[in-house]
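Please read the structure below before turning to the comments.
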Amino acid sequence: MTAMLSIRNLHATVGDKQILNGLTLDVPAGEVHAIMGPNGAGKSTLSYVLTGRSGYEVTQGTATLNGEDLLALEPNERAAKGVFLSFQYPLEIPGVPALTFIRTALNAQRKARGEAEISAPEFLKKARATATALKIDFDMLKRALNVGFSGGEKTRMEIFQMAMLEPRFLILDETDSGLDIDALKIVAAGVNALRGPERGMLVITHYQRLLDYIKPDRVHVLSAGRIVASGGPELALQLEAEGYDRYVQVAA
């Protein structure tokens, strides 16, 4: 099966510190892959490198999406290609209603792809249906983006954006961090609703509990900036029971 996301021997630095050290990974379309690893392993760095965050420099290796050089694209171009990152700590944007922000983002992506903009009535219809499906209070979407939101509300907003934008490749960077069980189930429901043969997903998490609700096809262990082990969903249960010590030793 041809990989949708293909990473080869990826090395990356932040400042003068080497974080990724020869990371290789394939995620085929239609599959959900989980990346687990200890703190400082490079999990968030990987998500930032793939989405083009400034300050993260690739010094060696490649990353392609459907055969196209992802690293050669600007962040907005990567988004237009369908790459979406759900943050652990979403940004707050005072004065900009969530709905306005999402419609602007959606139309910017459509324009970049040469598609017609979504009309206001069509957008509102889609937003109401999506909010209902995700059990989100529609009034929350009229507030300034993430301003004064609880952790659970911010996470719901990330999942709402994801559902509205319908990206081709999703990256969840520890979106489950600090969530109660209800918020966790909403995250999982949003992610599972987007599973499909044309879409790939990378779920980065420190804990196995999210994977009780989002069943991954493959689980990878990231340690010291590279993948040191891969397996099926049972690998996540093993990590939960045994910890990362043996993999930290392998990476060393």
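The values are calculated or read from the model by the stated rules, or taken from the named source; none is laboratory data. Treat the numbers as computed from the prediction; the structure is a model and nothing was measured. Glycine also receives a Cβ, built like all others from the backbone with ideal geometry; neighbour counts cover every protein chain displayed.
Condition check for PRO90 on (1) modelled with pLDDT of 90 or more; (2) within 23 Å of LYS126 (Cα to Cα); (3) crowded, with 16+ Cβ neighbours inside 10 Å: one failure, at (1). For region 157-175, taking the residues that are part of a helix (DSSP H, G or I) and of a type in the set (A, V, I, L, M, F, W, C), the one that is farthest from ALA189 (Cα to Cα) is identified as LEU165. Look at region 51-62: where a residue is touching a residue at least 12 places away in the same chain (Cβ under 8 Å) and within 9 Å of LEU20 (Cβ to Cβ) and a partner is outside any loop (DSSP other than H, G, I, E, B) and among the basic types (Lys, Arg), sitting 6+ places away or on another chain with Cβ atoms under 9 Å, you get GLY61/ARG8. Just wondering, is there one or more residues in region 89-98 that are aromatic (Phe, Trp, Tyr), outside any strand (DSSP E or B) and in contact with a helix residue (DSSP H, G or I) (Cβ under 6 Å, 6 or more places away or on another chain)? There is no residue in region 89-98 that is aromatic (Phe, Trp, Tyr), outside any strand (DSSP E or B) and in contact with a helix residue (DSSP H, G or I) (Cβ under 6 Å, 6 or more places away or on another chain). Of all residues in region 176-194, which are surrounded by fewer than 22 Cβ atoms within 10 Å (Cβ to Cβ), touching a residue at least 12 places away in the same chain (Cβ under 8 Å) and not in a loop (DSSP other than H, G, I, E, B)? Scanning region 176-194 gives ASP182, ALA183, LEU184, LYS185, ILE186, ALA188, ALA189, ASN192, ALA193.
Out of all the residues in region 112-122, is one or more closer than 23 Å to GLY30 by Cβ, surrounded by fewer than 20 Cβ atoms within 10 Å (Cβ to Cβ) and modelled with pLDDT under 95? Looking for residues that are closer than 23 Å to GLY30 by Cβ, surrounded by fewer than 20 Cβ atoms within 10 Å (Cβ to Cβ) and modelled with pLDDT under 95, one finds at least one in region 112-122, hence yes.
Do you know which residues across region 21-71 are within 14 Å of the chain's Cα centre (by Cα) and outside any strand (DSSP E or B)? The answer is GLU31, LYS43, SER44, THR45, LEU46, SER47, TYR48, VAL49, LEU50, THR51, GLY52, ARG53. Picking from residues in region 127-137 that are part of a helix (DSSP H, G or I) and over 22 Å from the mean Cα position of the chain (by Cα), the one that is surrounded by the most Cβ atoms within 10 Å (Cβ to Cβ) is ARG128. Taking residues in region 104-118 that are closer than 19 Å to LEU141 by Cβ and without any contact (Cβ under 8 Å) to a residue 60 or more places away in the chain, and partners anywhere that are of a type in the set (A, V, I, L, M, F, W, C) and assigned to a loop (DSSP other than H, G, I, E, B), the pairs with Cβ atoms closer than 8 Å and at least 6 places apart or on different chains are LEU106/ILE118; ASN107/ILE118. Exactly one residue out of ARG218, ARG246, ARG226 is of a type in the set (Lys, Arg), out of contact with any Phe, Trp or Tyr (no Cβ under 9 Å at 6 or more places or on another chain) and modelled with pLDDT under 90, and it is ARG246.
ALA63 meets the conditions (1) more than 18 Å from ALA224 (Cα to Cα); (2) aliphatic (A, V, I, L, M); (3) in contact with a Lys or Arg (Cβ under 6 Å, 6 or more places away or on another chain) in every case but one. The failed one is (3).
Entry remark, region 138-156: residues being more than 18 Å from the chain's Cα centre (by Cα), assigned to a helix (DSSP H, G or I) and over 18 Å from ILE118 (Cα atoms) number 4 in total.
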